[in-house]
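Report on one structure; see the data block that follows.
The values are calculated or read from the model by the stated rules, or taken from the named source; none is laboratory data. All of these numbers come straight from a predicted model, not from anything done at the bench. Counting neighbours? That spans all protein chains shown, and the Cβs are built from the backbone with ideal geometry, glycine included. Remember, those area values only see protein heavy atoms, side chains included, never the ligands or the DNA or RNA. Shrake-Rupley method; radii C 1.70, N 1.55, O 1.52, S 1.80 Å.
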Amino acid sequence: MSERIVGVIGGTGLYEMEGMEELEKVRVETPFGDPSDAILKGRLGEVTVLFLPRHGRGHRLTPTHVPYRANVYALKVLGAEWVISVSAVGSLRQDIHPGDAIVVDQFIDRTRLRVNTFFEDGIAGHVEFADPVCPSLAAHLIGAARKAGVKVHEKGTYCCMEGPAFSTRAESNLYRHWGADLIGMTNLPEAKLAREAELCYATIALATDYDCWYTDHGDVTIEEIISTLKSNVVKARKIIAEAVQGLPDREGCRCASALEHAIVTDPELVPEETMKRLAPIIGRVR
């Protein structure tokens, strides 16, 4: 059996992974700049884990300024085939309580300032994105959360806003009207880039608070969020420890062949420099 390598992108509060062995910090240079931080490479059981804190250790990067392309590119170069994203979110539903876990199945894009594709500079590609997370990996995360003893919702629509400020009350109510269940600031660019990189990607979201639509609960305060965040970090580590074992087979997974018919540009017209830069991403099909 070939080595199984999984990337884990840690969200707010999750800057280190406990229990990993054979640790080394790896710094990867990419054509899209430096990743958020050094990648912690180690093993959990029989699986190689590449842990990357999304906002950098010490939380130095705002959601807008996270180098999403560099992060996904680096994980791909290091051999990751699965990417588990951990994300702190606000709840847009009364039955999703602070502290609950949610395995996201859909996204709504409300960002304005993000670059969320590898395709530029003379090459165009259009991946399928109707189902934006890997269904096999998502189902696996649901099982892992249950094994870890964490209350988990099996699906949820994540509205990805620009930030860094939280929603206005009018926005919060609008997102609820659209059918969104969660509000966050980071996951959608990752999901799009992971699909272009033919990685299996899924999100385990952990609710820190009710968004400001819920007036009976009072307005969001940083103090409340931080308190719940600390307990959520413990839950996230337990879920990941379960999830990295028994990862679903990628054979036949549509994520692994997302670029099969996606690139529409005549190969002879793609600049050589662009082909070289994107070789780790498109090399399987070009």
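Structure values in brief
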| read-out | value |
| --- | --- |
| Segment H97-V234, length gained on full extension (0.36 nm per residue, minus Cα span) | 47.7 nm |
| Karplus-derived 3J(HN,Hα), 6.51/-1.76/1.60, for each residue of the range 152-168, Hz, glycine and proline x | 9, 9, 6, 7, x, 8, 9, 8, 9, 9, 6, x, x, 5, 6, 5, 6 |
| Listed residues A165, A236, A197, most fluctuating in the chain (Gaussian network, C-alpha, under 10 Å) | A165 |
| Accessible-area order (highest first, 1.4 angstrom probe) of the listed residues M275, M161 | M275, M161 |
| 0 to 90° range, to nearest 10: angle between helix 169-178 axis and the chain longest Cα axis | 60 degrees |
| Relative contact order (%) - the range 86-196, alpha-carbon pairs under 8 angstrom, separation at least six | 45 percent |
| S257, S227, ranked by accessible area, largest first (probe 1.4 Å) | S227, S257 |
| Rounded to the nearest 20 debye, dipole of the chain from Cβ charges on Lys, Arg, Asp, Glu | 360 debye |
| Inverse of mean 1/r across different Cα pairs in the chain, Kirkwood, Å | 19.1 Å |
| Helical contribution to [θ] at 222 nm, DSSP H n ≥ 4, -39,500 (n - 2.57), averaged over the chain, rounded to 500 | -8000 deg cm²/dmol |
| Most fluctuating residue given options L23, L269, L75, as computed from a GNM of the chain linking Cα atoms under 10 Å | L269 |
| Computed accessible area, K147, all protein chains, 1.4 angstrom probe, square angstrom | 150 Å² |
| For a label point 7 Å along the Cα-to-beta-carbon line of D249, residues of the range 1-18 with backbone N under 16 Å | 1-4 |
| Accessible-area value, R277, 1.4 Å probe, nucleic acids and ligands omitted, Å² | 40 Å² |
| Of all accessible heavy-atom area on the chain, the percent that carbon and sulfur account for (1.4 Å) | 50 percent |
| Convex hull projection area averaged over all views, the range 153-200, Cα basis, nm² | 4.2 nm² |
| Over 19 Å between alpha carbons, listed pairs K76/K276; K151/K235; K147/K238; K76/K238; K25/K76; K192/K235 | K76/K238; K192/K235 |
| Contact order normalised by residue count of the chain, Cα under 8 Å, 6+ apart, percent | 24 percent |
| With Cα atoms, 0 to 90° folded angle of helix 187-196 axis to the chain main axis | 20 degrees |
| Folded to 0 to 90 degrees: helix 68-77 orientation relative to the chain principal axis, Cα | 50 degrees |
| The range 1-137: C-alpha gyration tensor shape, a/c 1.5 cut-off, then a/b vs b/c | rounded |
| J(HN,Hα) series, the range 235-250, from Karplus relation 6.51 cos²θ - 1.76 cosθ + 1.60, nearest Hz, glycine and proline x | 5, 4, 5, 5, 5, 5, 4, 6, 5, 6, 8, x, 4, x, 5, 8 |
| q = 0.25, 0.30, 0.32 Å⁻¹: log10 I(q)/I(0) that the Debye formula gives for the range 105-147, counting C-alpha atoms only | -0.99, -1.08, -1.12 |
| Computed magnitude of the charge dipole of the range 32-94 (debye, nearest 20; Cβ of K, R +1, Cβ of D, E -1) | 140 debye |
